[in-house]
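Asker: Submitted below is the structure of interest, expressed as structure tokens.
The values are calculated or read from the model by the stated rules, or taken from the named source; none is laboratory data. Bear in mind the structure is a predicted one, so any value in this text is a computation, not a measurement. All Cβ positions, glycine included, derive from the backbone under ideal geometry; neighbour counts span all protein chains shown.
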Amino acid sequence: MQSVLLAGLLLSLVSGLMNGTFTLPMRFLGKWSWENVWSIFIVGSCLLLPAAVITISSPSAWDVLTLIPARLALIALGTGLAWGFGAIMFGQAVSAIGISMANTFVLATSSALGAVLPMMILHPDKLRERSGALLLAGVAVEIFGIVLCGRGGFLREKSAAAVERDFVGKVRPLRVGLSLALGAGILSAIFNIGFALSEPISQIGQEHGLSVFASTNLIWVIMLAGGAVTNLGYCTYLLVTNKSTAKFTQPGSVKLYTLSLCMAALWGGSIFVYGAATVRLGILGTSVGWPVSLATGLLVANFAGFATGEWKSTPRQARIWMGSGIIVLILAIVVMSRAI
């Protein structure tokens, strides 16, 4: 049993590593508009990759999909559609305030809500036990960490430090970027809640002879398809409004396609690895695996942000506030992971 739990934790860490690095290519995609990059990313991560994974893991899974009750399919599809709006806001937030700050606020908010709400909905009795107390304590610590990071962000904006970049999208006022990040964090938590509520789909898959991994993938296929509808609808609107469709065929686009698909492989892959982790973490797999994965992603994303110079021209005090906030956020995730 311990070895299974350890495997689940390790998979959660791998998922977080992939999630924390997937936005890095956006620093080198400035020759495209945001909608060009995001549409290729969504097609790759939400449509092509899920289709490939489910076909390779178990071709018969496509037949099992037709047997899923409409109610369960609508839950997965609906939460996927809601998450889609969060994904749009996250993509805009990264362009607005950078990898480090966007990931910090989005992952911290999503981690807190995505850890507690599934427990409240599916296992409310656990709130009166040690596991529930640890999760709630972790959320309280996490809120404090977000406040510290916010202070660091305000000090960075006040310094008006210029950062050279070939970043896709445009810089926006901090209040706009933080609002986008907060909204993305809330809606991203719905992604984990939807996954938790859709677990009966996985049980149906196993009843029809699919492996645990292949059965879990049934949920992702439906949820990611829902998210693709939202994202591609918005991207299409921007492509038409901004007349940026022509950029898909501009000279040098092969590199841009490659970087966008790398984003898709990293983020999409992190979702399937996370699914494999939750089934190994017991009854509270979605409540524990989610914060562990996002904590790792948060740490990696901030390291990437610092390493690529997002904070190099800011005052030392701003970096101290941000660094302190990150430490507190990691501490909060450690506390929540102890609920396993």
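Asker: Within the set of pairs 6+ apart or on separate chains, which have a first residue in region 315-330 that is within 13 Å of residue 104 (Cβ to Cβ) and exposed (fewer than 15 other Cβ atoms within 10 Å of the Cβ), a second that is modelled with pLDDT of 85 or more and polar (S, T, N, Q), and C-beta atoms under 8 Å apart?
Answerer: Here the result reads none, with nothing in region 315-330 linked to a residue that is modelled with pLDDT of 85 or more and polar (S, T, N, Q).
Asker: While we're here: Filtering region 201-219 down to residues that are part of a helix (DSSP H, G or I) and out of contact with any helix residue (DSSP H, G or I) (no Cβ under 6 Å at 6 or more places or on another chain), which residue is modelled with the lowest pLDDT? Give the steps one after another, and end with the answer.
Answerer: In the first step, residues of region 201-219 are kept if they are part of a helix (DSSP H, G or I); the result is 201-207, 212-219.
Those still in the list that are out of contact with any helix residue (DSSP H, G or I) (no Cβ under 6 Å at 6 or more places or on another chain) too: 203-204, 207, 212.
Working: 203: 92, 204: 95, 207: 93, 212: 86.
Filtering region 201-219 for residues that are part of a helix (DSSP H, G or I) and out of contact with any helix residue (DSSP H, G or I) (no Cβ under 6 Å at 6 or more places or on another chain), the one modelled with the lowest pLDDT comes out as 212.
Asker: On to the next question. May I ask you to verify whether residue 110 is touching a residue at least 60 places away in the same chain (Cβ under 8 Å), of a type in the set (S, T, N, Q) and more than 25 Å from residue 37 (Cα to Cα)?
Answerer: Values: touching a residue at least 60 places away in the same chain (Cβ under 8 Å): yes; of a type in the set (S, T, N, Q): yes; more than 25 Å from residue 37 (Cα to Cα): no.
The answer is no for residue 110.
Asker: Can you tell me which residue within region 28-76, out of those that are of a type in the set (Gly, Ala, Ser) and part of a loop (DSSP other than H, G, I, E, B), is farthest from residue 252 (Cα to Cα)?
Answerer: Across region 28-76, the extreme among qualifying residues is 60.
Asker: Residues 81, 74: which one is within 22 Å of residue 197 (Cα to Cα) and without any contact (Cβ under 8 Å) to a residue 12 or more places away in the chain?
Answerer: 74
Asker: Pairs, please: C-beta under 9 Å, at least 6 apart or cross-chain, first residue within 19 Å of residue 86 (Cβ to Cβ) and in region 197-224, second among the charged types (D, E, K, R)?
Answerer: 219/199
Asker: Given the options 335, 292, name the one that is assigned to a helix (DSSP H, G or I), over 19 Å from the mean Cα position of the chain (by Cα) and within 19 Å of residue 189 (Cα to Cα). Steps first, answer last, please.
Answerer: Numbers: 292 fails: over 19 Å from the mean Cα position of the chain (by Cα).
Being assigned to a helix (DSSP H, G or I), over 19 Å from the mean Cα position of the chain (by Cα) and within 19 Å of residue 189 (Cα to Cα) holds for just one of 335, 292, which is 335.
Asker: Within region 166-182, does at least one residue satisfy the condition of being modelled with pLDDT of 80 or more and surrounded by 24 or more Cβ atoms within 10 Å (Cβ to Cβ)?
Answerer: Yes, because at least one residue in region 166-182 is modelled with pLDDT of 80 or more and surrounded by 24 or more Cβ atoms within 10 Å (Cβ to Cβ).
Asker: Within region 246-258, can one find any residue that is over 20 Å from residue 201 (Cα atoms) and surrounded by 18 or more Cβ atoms within 10 Å (Cβ to Cβ)?
Answerer: The first filter runs over region 246-258 and keeps only residues over 20 Å from residue 201 (Cα atoms), leaving 246-258.
Applying the additional criterion that residues be surrounded by 18 or more Cβ atoms within 10 Å (Cβ to Cβ) yields 256.
Yes, region 246-258 has at least one match.
Asker: Another question, if that's okay. Going through region 274-283 one residue at a time, which ones are surrounded by fewer than 21 Cβ atoms within 10 Å (Cβ to Cβ) and either at pLDDT 90 or above or under 20 Å from residue 120 (Cβ atoms) (or both)?
Answerer: 282, 283
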